[in-house]
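Enquirer: Pasting in a structure now, in structure tokens, and then I'll have a few things to ask.
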Amino acid sequence: MRPVHERLAATIAKRKNDRQNFEFWSALPEELRKKCIGTMELQARCRLRATSKTNKKLVESLELDVETLVLDGEKSVIKLKYRDGDGVLRCIFVVSNSSGFESGIYLIGWLMKSATIKHMQIMRFRSTSITEVEKQIINKMVPHKSSRISALHISDFNDIIFFFLEKMWTKMDRMKVWVRGGSDYSFDQLMKIPSFDYVKLFETSNFLSNYKNPCAVNAYFPIIQTWVENNAPVGKKLMALDVRRNGFSSFVKRFKSLLISQGHSEVVKAPVARIGTNNPSKHILGSLIEGNDKYKLICVIIPACLSPDLYHKYINSLH
């Protein structure tokens, strides 16, 4: 690197988070500009991104390490925790003064396009939380199946949520769907989303009425049936919270023709049932776990060779 470039880089690094016009920016080689961007806080990146199309493209080409992204549709709030180039965890709150996200929609699009997000939560969204114009902005910025999100938590379910789900990539580790009573939520709709087929752990709680009436486990049988038919990978897991206490017997009855064994497992400390799949090297292990007067159904793909004394490694693990 030439001495003049070193001096310019040092000046920019010193002033990287100040409000500036980036007057020395164009004099730096591209690789050095990328290095400088990597040390900037998000606000400085946003300002640089807005200076020109060239800088916008350069900023968006560099990955941002996001720990948590929360979108609150009711209050039009964006909550963000991310790590800067020095590894320091920083927090940002973006609040709109109107009933919508306004210019914040560009930040959402940029993060979904360019960031690697460990955990994203979408909460209190209604069909009117995002306008058609804002949808078009997101569509233009974020291709389908491109958002790099490891874990997704959904607190409601409607057409806006489906809009976001279509943007998720197919390497998601964990998806949580908590459903309010009276929702039009449908597993059939969810199963059409590409990322759902690949998610490793799907957690859900589906109350039928004011969080007091637990869900019948047959709501989850279509998911399990696809595992039987479509060669789902070992370790893929469904965790359905707050199901009815007769859930285990319903599970056994539904898949009776595939039943290999059933009984009480000492290592899981709960009843378990093992059923076959279309792939002879894989089985499905199901169990109903009781805790605090509530029940949860757990189903997981296991190797056909797995011995019963190792059931707990698949049932009790969260991954």
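Rule-based calculations on the coordinates, nothing more; no lab input. If you're wondering where the values come from, they're calculated on a predicted model, not measured in any experiment. With ideal geometry, Cβ positions are generated from the backbone for all residues, glycine too; neighbour counts draw on all protein chains shown.
Enquirer: Under a Cβ-only charge scheme (Lys and Arg +1, Asp and Glu -1), can you give me the dipole magnitude of the stretch 236-319 about the Cα centre, in debye to the nearest 20?
Expert: I would put it at about 280 debye.
Enquirer: How large is the Kirkwood hydrodynamic radius of the chain, in angstrom, based on all distinct alpha carbon pairs?
Expert: Computed over the chain, the radius equals 22.1 Å.
Enquirer: Taking the Cβ of K145 as the center, what net charge do the other residues with Cβ under 14 Å away carry, scoring Lys and Arg +1 and Asp and Glu -1?
Expert: +3
Enquirer: Nearest 500 deg cm²/dmol is fine: what mean residue ellipticity at 222 nm does the chain get from its DSSP H runs of n ≥ 4 alone, each adding -39,500 (n - 2.57), divided by its residue count?
Expert: -8000 deg cm²/dmol
Enquirer: If I build a Gaussian network model for the chain, linking alpha-carbon pairs within less than 10 angstrom, which residue out of V177, V133, V234 has the largest mean-square fluctuation?
Expert: Evaluated over the chain, the most mobile residue of the options is V133.
Enquirer: Continuing with this model, one more query. When ranked by the protection proxy of mean other Cβ atoms within 10 Å per residue, highest first, what sequence do the peptides 74-81, 88-95 form? Don't skip to the end; give the middle numbers.
Expert: On the way: 74-81: 16.6, 88-95: 11.6.
Top to bottom by mean Cβ count within 10 Å: 74-81, 88-95.
Enquirer: Still on this structure, please answer the following. With 24 Å as the limit, write out which pairs from K34/K171; K145/K282; K237/K313 have Cα-Cα distances beyond it, or answer none.
Expert: Check vs 24 Å cut-off fails for K34/K171; K145/K282.
Enquirer: Continuing with this model, one more query. For a quick check: with amide H placed at 1.01 Å from N, whose amide H comes under 5 Å from K236's, ignoring anything fewer than 5 positions away on the same chain?
Expert: Result for K236 returns I301.
Enquirer: Taking Cα pairs under 8 Å and at least six residues apart, what relative contact order does the chain come out at, in percent?
Expert: For the chain, the relative contact order is 9 percent.
Enquirer: Using Cα springs under 10 Å in a Gaussian network model of the chain, which residue among K200, K53, K171 shows the largest mean-square fluctuation?
Expert: Comparing K200, K53, K171 in a Gaussian network model of the chain, the most mobile one is K53.
Enquirer: Here's another thing I want to ask about it. May I ask which residue of W178, C305, N292 lies farthest towards the positive end of the charge dipole of the chain, with charges of +1 (Lys, Arg) and -1 (Asp, Glu) on Cβ and the Cα centre as origin?
Expert: The listed residue farthest towards the positive side: C305.
Enquirer: If you don't mind, another one. Would you work out the charge dipole size for the chain about its Cα centre, treating the Cβ of every Lys and Arg as +1 and the Cβ of every Asp and Glu as -1, and quote it to the nearest 20 debye?
Expert: So the magnitude is around 400 debye.
Enquirer: A follow-up question, please. Give the value in nm², to one decimal: projected area of the alpha carbon convex hull of the stretch 236-319, averaged over all directions.
Expert: Details: hull surface 20.8 nm².
Its Cα hull, projected and averaged over all orientations, spans 5.2 nm².
Enquirer: Which net charge results when you count Lys and Arg as +1 and Asp and Glu as -1 among the other residues whose beta-carbon is under 9 Å from that of R83? Intermediate values should be presented prior to the final figure.
Expert: Values: positive: K81, R90; negative: D65, E67, D84, D86.
Once all neighbours under 9 Å are counted, the net charge is -2.
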